[in-house]
Amino acid sequence: MLSLGLGPTLDLRAQRQTPSPKRQRPKKPVAPAPASKPKVKAPERPPVATTPQVPLANLQSAVTEARLQNGLKVLLQESHSMPLVSVGCWYRVGSKDDPAGAAGLSNLARILRLREMDSYSKDQTGQLMRETGGDWHSMTLPDQTGFFETVPIGALEEVLKLEAARMSASVVEDLQFRGQRRRATAAIHARENSSRSLLDDEVAAAALQRHHYRWPSLGWLPDVELLSREDVARHSRQHFVPNNAVLVLVGDFETQMALRLVEEHFGVIARRPDPRRAEVREPERRGERRVRVASEGTTPYIQFAFQAPEVFNDDFYAMLVVDAVLTGAQGLRHWSNLQPAVVKGSSRLFQALVETGLVLEVRSRMAPMQAPASIS
């Protein structure tokens, strides 16, 4: 999908004017070239011995993979360049796992686990990060939900306790639940106030008819307003479990020491039945689909969406190269909550559309997904 931001005063029919030829200045007289000296043949030198460059993969430490008895997958990589450690706990659940009529359920479950837990409140977590100078955040994506912390190595065990408490947390009391649900609906209201985000959502809903990628990760406002505490509790018991998670540690630690801490704090969490996932297939496309959205504002937007292969398809990587040629190499763009990235000034689309004055801005989105989606 290609997003174009068009300025309100641009005339797309205007042709570029041909610049008038510059006045020719008289050329200065050229001084005669000095007489050339006879060339002396330089003595031959033996070739310089060069050391081949070490591949980048060899500069990184190995990744250790382990699996606890409860099914939790653990990935550890030592990195001793700084006395820090980054911990990420990924759950194989995202907005695509929300049932029809409950779009936004996974995101609300994330918010509750981020802010309200039995043994760790938001204030306690924030105090831990302030005292250690650490950083923490979380995200809900179509295929995954993740919680992340980066702290000094001395706070590793405390962060592991935090993530273990989050994994085993029960749903909070009804009063706290209603407060966090209002927070989720406020985020949806803020998104709907953006004309570009509103167009993104409408185009995705028109491009996909059955797959749950068709709704945003935040969900739809009518669905979120009707979600109950019992809905979130049932969803959490099914998906936020050790056998549906991957714990990743990278930092200044010894692997065996870190693995013992992981076993101590996560090994006591009980395994649950593996989540059931129904495969949803899109019907065959029978032609072009168009959508027109009326919104407040003075800047019009045009968006084109094209079907893209899933990340496990070899054609996905060919599409990455095509995207890099058109918009400039910007990686998988997986960490920006799937928001379109502004194309680089050296890219072909920027030069063809922005530099010529046809549009004010060009954005592009190409994200790795588990099922066929759209390139934007």
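Scanning region 155-165 for residues that are modelled with pLDDT under 95 and either among the aromatic types (Phe, Trp, Tyr) or surrounded by fewer than 20 Cβ atoms within 10 Å (Cβ to Cβ) (or both) yields 158, 161, 165. The helices (runs of 4 or more DSSP H) found entirely in region 94-167 that carry 3 or more residues being hydrophobic (A, V, I, L, M, F, W, C) are 105-115, 156-167. All of 196, 210 fail the test of being surrounded by fewer than 16 Cβ atoms within 10 Å (Cβ to Cβ), at pLDDT below 90 and not small (Gly, Ala, Ser), apart from 210.
Of all the numbered requirements in (1) surrounded by fewer than 18 Cβ atoms within 10 Å (Cβ to Cβ); (2) outside any loop (DSSP other than H, G, I, E, B), residue 170 misses one, and that requirement is (2).
For the condition under 16 Å from residue 66 (Cα atoms), among the β-branched types (Val, Ile, Thr) and part of a helix (DSSP H, G or I), residue 246 does not qualify. Would region 105-127 turn up any residue that is in contact with a Lys or Arg (Cβ under 6 Å, 6 or more places away or on another chain), closer than 28 Å to residue 260 by Cα and at pLDDT 90 or above? No, every residue in region 105-127 fails to be in contact with a Lys or Arg (Cβ under 6 Å, 6 or more places away or on another chain), closer than 28 Å to residue 260 by Cα and at pLDDT 90 or above. Would a scan of region 225-246 turn up a residue that is among the acidic types (Asp, Glu), in contact with an Asp or Glu (Cβ under 8 Å, 6 or more places away or on another chain) and modelled with pLDDT of 95 or more? Within region 225-246 (the criterion being among the acidic types (Asp, Glu), in contact with an Asp or Glu (Cβ under 8 Å, 6 or more places away or on another chain) and modelled with pLDDT of 95 or more), the answer is no, since none of the residues qualifies. Being in contact with a strand residue (DSSP E or B) (Cβ under 7 Å, 6 or more places away or on another chain) and among the acidic types (Asp, Glu) is a property that residue 135 has.
Looking at region 88-107, which of its residues are aliphatic (A, V, I, L, M), surrounded by fewer than 24 Cβ atoms within 10 Å (Cβ to Cβ) and under 17 Å from residue 246 (Cβ atoms)? Answer for region 88-107, where residues must be aliphatic (A, V, I, L, M), surrounded by fewer than 24 Cβ atoms within 10 Å (Cβ to Cβ) and under 17 Å from residue 246 (Cβ atoms): there is none. Taking the listed residues 103, 164, 109, the one that is of a type in the set (Gly, Ala, Ser) and either closer than 23 Å to residue 264 by Cβ or not assigned by TED's automatic domain parsing to the domain that holds residue 230 (or both) is 164, with no other qualifying. Among the residues of region 219-240, those that are out of contact with any strand residue (DSSP E or B) (no Cβ under 8 Å at 6 or more places or on another chain) and not in a helix (DSSP H, G or I) comprise 219, 220, 227, 228.
Filter region 256-283 for residues that are in a loop (DSSP other than H, G, I, E, B), in contact with an Asp or Glu (Cβ under 9 Å, 6 or more places away or on another chain) and closer than 19 Å to residue 169 by Cβ and give the result. Result: 275, single match.
In region 308-328, of all residues being touching a helix residue (DSSP H, G or I) at 6+ places or on another chain (Cβ under 8 Å) and surrounded by 13 or more Cβ atoms within 10 Å (Cβ to Cβ), the one that is nearest to residue 204 (Cα to Cα) corresponds to 308.
Applying the criterion of being surrounded by 19 or more Cβ atoms within 10 Å (Cβ to Cβ) and under 15 Å from residue 65 (Cα atoms) to the residues of region 75-87, the residue that is farthest from the chain's Cα centre (by Cα) is 76. So which of 57, 35, 42 ends up being surrounded by fewer than 12 Cβ atoms within 10 Å (Cβ to Cβ), small (Gly, Ala, Ser) and modelled with pLDDT under 50? Exactly one of 57, 35, 42 is surrounded by fewer than 12 Cβ atoms within 10 Å (Cβ to Cβ), small (Gly, Ala, Ser) and modelled with pLDDT under 50, namely 42.
The values are calculated or read from the model by the stated rules, or taken from the named source; none is laboratory data. These numbers come from a predicted model, not from an experiment. Neighbour counts run over all protein chains shown; Cβ positions are idealised from the backbone, glycine included.
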